[in-house]
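Step one of this worksheet: look at the structure below.
Since every read-out is calculated from the coordinates, none of them should be taken as a lab result. If you're wondering where the values come from, they're calculated on a predicted model, not measured in any experiment. Glycine gets a Cβ as well: all are built from the backbone with ideal geometry, and neighbour counts include every protein chain shown.
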Amino acid sequence: MAEEERFAPFADAARARDADRLGMLIFLASEIMLFGGIFAAALALRLEHGPDYAAAAGHLKLWLGTANTAILLTSSLMAALAVEAARAGAPRRAARALLAALLLGCAFLAVKGVEYAGEYREGLMPGTATAHFDGPAQTLFMNLYFVGTGLHAVHVTIGILLMAMAALSQRARQDRNAMLIGNVALYWHLVDVVWLFLYPTLYLAGVR
Amino acid sequence: MTDEPRFEHPPEEAATSYLADGYSLRSWFLTTDHKRIALLYLVSITFFFLVGAGAAALIRLDLLTPQGDLLSNDGYNRAFSIHGIVMVWFFLIPAIPNVLGNFLVPIMIGARDLAFPRLNLLSWYIYILSGLLTLYVVVGGGVDTGWTFYTPLSSVYANGAVVATIVAVFISGFSTILTGLNFIVTIHKLRAPGMTWSRLPLFIWSHYAVSIIFVLATPVLAITLLLVAAERLIGIGVFDPRLGGDPLLFQHLFWFYSHPAVYIMVLPALGVVSELITAAAHKRIFGYWFVAFASIAIAVIGFMVWGHHMFVSGQSVYASAVFSFLSIAVAVPSAIKVYNWTVTLYKADIAIDAPLLFALGFIGLFVAGGLTGLMLAMLAIDVHVTDTYFVVAHFHYIMVGGSVTAFFGGLHFWWPKITGRLYNETLARIAAILILIGFNITFFPQFMLGYEGMPRRYHVYPPEFQVLHVISSMGAALLAIGYAMPAVYLIWSLLPGGRRAPANPWGASGLEWTTSSPPPQHNFIGQPVVVRQPYDYPLAHPVSRDDG
Amino acid sequence: MSGGILFWPPAASHHAEQVDLLIGSFGAMTWLLTLPVFVLMAWFTIRYRRSRDVNRDHAPTRNLWVELGWSIIPFILTLGFYVWATMLFLDIYRPPADAVPIHVVAKQWMWKFQHPDGAREINALHVPAGRPVKLIMTSEDVIHSFYVPALRVKQDLVPGRYTSLWFDAEKPGRYPLRCAEFCGTDHSVMGGMLIVMPPQDYAAWLARNRDGGTDGTLAQAGARLFRDLGCSGCHGAASTVKAPPLGGIFGRPVALSSGDTLIADDQYLSDSILLPNKQVVAGYDPIMPTYGNVLRPEQVNALVAYLKSTRASKDSP
Amino acid sequence: MSGTVRLLLAWAALMALLALTLGAAFLPLGPAKPWIAFAIATAKAALVLWFFMEMRSERGLARLAMLAGFVWLAILFALTATDYLTRAWMT
């Protein structure tokens, strides 16, 4: 294959990298809008049923949510460090940092699982919920919580898989431009940013 | 003619056209060539157009009599729902961007392909997957929510295959998002040397604007439909008042997507018409920057007007007043375009060919649609005519009279480039005029029906409306003939012995006309370099012209 | 085929005539703005067609002031119409104080009306001519839309909410009433008739249709419900349960536990019955059970009508 | 300042903000509470975007692309809120 064909349709590698990164950022913008629908629903519910919203949010496990915020932020740091390491030409350090980010991501899911299990036991899950709440608006908050965090958890899972892919690929680790690792890290940071807003929307709303 | 060459690139060598580059199924279904993918889209959207048109035919036949003798109430509801869903998501939205845009965006900016060719193919497969699911819905019982899926009708009460339809539309959204992403990156990163932003064809500007909407609006529809499906399946309740939700929230989120979706259909059409007008007029567009920025302004302000679909919904009257004002504001950039096209024709050198006829037809219908849209933005008028045939007529003027006419115009204009063949010009002119007449006979009476109080989505209607309905149905028959004609003579031109097209049959400016017809596999032989302004016709700098 | 072509719908109210005037004037302005465009476009196309040898020198390609002019002037003209249309619109939502309140409940696929003095009807609405009528509307299932073309008004009926609208039909007659929001299978036959009667005929019609006297007025029906459902057990003056007194509550400001204050209107009273936790009165516990699954909208209307009829001190609630 | 140190400092700031927002949730701040919580969340998101997502070293185009999603969300929220906040004004 001729040299100029390698980056087709781009003329050179730098431009191809630029395009990849821009494509990723645009994709992330559309992800933001996807979660925007959930946040808009939470906003509407809060404006319509303020007291119910706060009362139902009080059922959430604030400390687990806070711990998860810390876990995810730290995981994001690890992902950023992995990019840093790959650029510095330290593939092993990059792999280790990615692994740490990935494990912290798993820890996040585990904590989330504990939370869900607790909520299931307490009968807060959709369908089992009516008995615990005063009125439908509170049940709705709980349902919205499950939809929002569930959709987020799906994104976390995808992020973990992507990071595993990047950590396993030798070419990705040795790429001094950190293209794959960089784009995976971007995705992971966005998953983090979404959580940063889910946290006050859901958990902090219930603190009296 | 001693003019310098407009674009400097190595002289044409004999190159295989993209059409001659492999004939196997594999070479089509696994292609990453944007031109072949455009043709895949052309065939698929034509198919879905036929499905949607079939539903429209059922509707118009049924409405010949006030009692609706052809269909049952449920049958009629299913017919207009399928008509709306198929036409909006599987024909109108992909039509211009995914066929003409896919083919032309890289060529017009001097690139050899879109930025992510494999993603482009993936978009098509996603589109086909969602389309197949929609066809399953059509044969497997249908859906009776209308294309708007209003809750709680769709989430609780409707009895068709609502979830399957929602999943289909949800999936098709990914195709749209990927296309938009691909266009934006391509326009930013793959412009040929010398192709500065001020030299971009207006077609590119409008596709850039529409891509912004693709990327930012579609995900909101996706999550909204997901919530409706979840509500129907497990009773989440975000939109169900009995569960503490608010049906108006659905309308807010739905129209946050679906109003910009109207601009998804119209913006590419505006881009096409700018190309058609300048090429026919042989003249630089009047007010290039106003026309270019008008596209961006429409894309941005278009996101702030959705509430005008909800003036009678129980939305706060103050919010309505705000949305009404913004809706009037969004009419300004559209008006700018129309005025600029008109002045472009002044002192021009106009070739009255089929593409120009389509473009002029577009302008007339678009102006009628736009002005009735302005009436609908006026609160007190909207209260009377919203949810009536007035609205039906209005958006058909925009979507069919506007988008579809522009799509046909663009297809005629670039057909020689796409296929390397020339079609029968006389038949094309007849078709353009027939479509214009047929369209007006079909939809103008619907304005009258609406003002007189005929609500939309009515299977059985009061007998005093019958005369206008019959006129409308007769117009629809004429329109169908108009739409069928190009299918005949365009396909005819492809048969062996059809006339071959030269590289630039219209004498038009633009990079796509500097390459052969049909273009070679990588669009150009060598890398084109742009040295001139767009629409740089000799007339812009008065020099003597010796060509015809 | 019957009926021929109807060119303009009848107008039964002053508002309808105003809307006609508005659309007529706005239509005239749009013609004024677009006719030149169409004429010029046709003229340019013919005059400057390729085969003609005409002077094409100095064709303009841009002119900032012309561009700004045709952007801004039509916009300002249109803004004038915006103000007009918005004022007219806001009128529909500002009923005069003496408007006759009629409750409307829609369901798939019928209209149910409750007159204040107890008369009830389905798919037909009798109103007095020349007297303002205020409709207080809700839906039992999906969204419907109350549309009387002759009045040029339309308003969606949303389940779980009240929407309202008022009109003053001046010309006696029968005007079709239609559902304008797609509501399922029989949407197109969910119609009815608005019957505008001279006031004395309306009074006679009311007298004939007062439900045989058993139910009494809407407020009396509400009072019975108030007792039967046990509302008075908590809200009554002698009750041991601490619940806010309701006498004369309608139209008065209510302080809420959230710190806000609102005016007790139809929506608030209905919400307090169906979704008691939505707004809790300051100083009271959220202990009221929800009646969302117990009551039909008509019964809620009756209860609200009863609460409206009470006075602050002397009545029991 | 080396890149690694910068990232660690950003992380420390994020943790401090997390503690701050948690603490603020328990203070009697009344109706300002959600506003403070979301202001802090926005600050955290800004830190993540600026340092972790490297917006500090990006050119205008990438920043614009990243910002677009947030700006469009602001449109969605603001105009939706105009409905919800003013519905009760007129009955």
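Details
- Cα centroid separation - segment A:12-61 against segment B:212-273, whole Å: 15
- Dipole magnitude for segment C:100-209: about 160 debye, using +1 per Lys or Arg Cβ and -1 per Asp or Glu Cβ, origin at the Cα centre.
- Seen through its C-alpha gyration tensor, with square-root eigenvalues sorted a ≥ b ≥ c, the protein assembly as shown comes out oblate because a/c lies at 1.5 or above while a/b is not bigger than b/c.
- The phi torsions of segment C:138-151, fed into the Karplus equation with coefficients 6.51, -1.76 and 1.60 and a -60° offset, translate into couplings of 8, 10, 8, 9, 9, 6, 10, 9, 7, 9, 10, x, 5, 9 Hz, rounded to whole numbers, with Gly and Pro shown as x.
- Assuming charge only on the beta carbon of Lys and Arg (+1) and of Asp and Glu (-1), the dipole of chain B about its Cα centre is about 620 debye to the nearest 20.
- Charge dipole (debye, nearest 20) of chain C; +1 at Cβ of Lys and Arg, -1 at Cβ of Asp and Glu: 480
- For C:VAL254, the amide hydrogen comes within under 5 Å of the amide hydrogens of C:LEU262, C:ILE263, C:ALA264, counting only partners 5 or more places away or on other chains and with H modelled in the peptide plane.
- Taking 0.36 nm per residue of sequence separation and removing the Cα-Cα distance, the B:LEU119/B:LEU495 pair yields an extension gain of 132.1 nm.
- Between B:HIS394, B:ALA501, B:SER316, the Cα set farthest toward the positive side of the dipole of chain B (charges on each charged residue's Cβ, about the Cα centre) is that of B:ALA501.
- Rounded to whole Hz, the Karplus (6.51, -1.76, 1.60) HN-Hα couplings of segment C:243-257, x for glycine and proline: 10, x, x, 10, x, x, 5, 4, x, 9, x, 10, 8, 9, 5
- Along chain B, longest interval not containing exposed GluC sites (Glu not before Pro), exposed being DSSP loop plus at most 16 other Cβ atoms within 10 Å: B:14-548
- Ranked by how many other beta carbons lie within 10 Å on average, peptides B:161-172, B:118-129 from highest: B:161-172, B:118-129
- Axial C-alpha extent at least 20 Å, average Kyte-Doolittle at least 1.6 - helices from chain D (DSSP): D:3-26
- Calculated from backbone phi, Karplus (6.51, -1.76, 1.60) coupling profile of segment C:24-36 in Hz, x at Gly/Pro: x, 5, 5, x, 4, 5, 5, 4, 4, 7, 9, 4, x
- Loop-resident sites, segment D:58-87, for trypsin sites (Lys or Arg not before Pro), counting at most 13 other Cβ within 10 Å (DSSP): D:ARG59
- A Förster distance of 56 Å, applied to the separation of the beta-carbon atoms of A:ALA107 and B:ILE481, puts the FRET efficiency at 0.25.
- Close amide H partners of C:MET193, meaning residues 5 or more places away or on another chain with modelled amide H under 5 Å apart, are C:ALA124, C:LEU125, C:LEU177.
- Leading residue at positive end of dipole, chain C (Cβ point charges), from C:GLY222, C:LEU88, C:SER272: C:LEU88
- Rounded tilt (10° steps) of B:202-234 against the dominant C-alpha axis of chain B: 30
- With respect to chain A, whose longest principal axis is taken over its alpha-carbon atoms, helix A:13-48 is tilted by about 0°.
- Placed amide H near C:LEU165: partners under 5 Å, 5+ positions off or other chain: C:LEU135
- Acute angle (nearest 10 degrees) that the helix C:218-228 long axis makes with the longest principal axis of chain C, alpha-carbon atoms: 50
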